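The values are calculated or read from the model by the stated rules, or taken from the named source; none is laboratory data. What you are looking at is a predicted structure, and each value in this text was computed from that prediction instead of being measured. Surface accessibility is based on the protein's heavy atoms, side chains included, excluding ligands, DNA and RNA. Shrake-Rupley method; radii C 1.70, N 1.55, O 1.52, S 1.80 Å.
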Amino acid sequence: MAQKEGTVAGDNLGAKGVPVGPAPGTVAGGVVVAVREKKGTLRAAIPTMPFPLAVVCLFLNTFIPGLGTFISAFTVLCGARSELAAQRGVCCVFWLNVAAALIQVATAVIMVGWIMSIFWGMDMVILASYRDQDVPQDI
């Protein structure tokens with residue numbers, strides 16, 4: 001039985017053979033792909049604060065949407081770092097956090113702001129845990 005050029009043996013559909021990878025037990029050279037999450041402006045403005053304060057902000061955001069985010073805005077003025085502070089300045093990051101708090105309060109009635117507020121608080125705690133472990137701020 002003659003086989004068409006470029007087809008896989010035993011394949012009668014004519015599909016082209018595709019190399020699967022290196023044989024088991026061999027070392028393959030390859031490309032390392034690094035993935036970085038691109039954050040929006042509001043999310044990049046979340047400050048990195050001490051862990052206990054981040055937990056308090058999460059607690060406040062859970063029960064009073066936007067309050068923990070509003071308090072975190074003032075930590076930027078007190079020296080908490082943010083990914084956006086170097087690009088836009090401390091004052092801009094402060095107002096972005098105030099805007100995020102106002103969005104959370106305004107949309108809490110339809111549950112969107114409340115859920116956003118809880119996720120915001122969780123991001124604060126994650127950033128604070130990275131800060132305490134001296135890990136770069138890539139979440």
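In percent, how large is the relative contact order of the range 47-104, given Cα pairs closer than 8 Å and 6 or more residues apart? The normalised contact order for the range 47-104 reaches 38 percent.
Potential lengthening of the chain between Arg36 and Cys78 amounts to 12.3 nm, from the contour at 0.36 nm per residue minus the alpha-carbon distance.
Percent of Cα-Cα pairs more than 22 Å apart in the range 37-139, please. Looking at the range 37-139, the distances longer than 22 Å represent 20 percent of pairs.
Rolling a 1.4 Å probe over the heavy atoms of the protein chains gives the range 67-134 an accessible area of 55 Å² per residue. For the range 82-88, putting each phi into the Karplus relation 6.51 cos²θ - 1.76 cosθ + 1.60 with θ = phi - 60° gives couplings of 9, 4, 8, 4, 5, 7, 10 Hz, in residue order, rounded to whole numbers and with x for Gly and Pro. Amide hydrogen proximity for Thr107: with H placed 1.01 Å from N in the peptide plane, the residues at 5 or more positions away or on another chain lying under 5 Å are Gly113.
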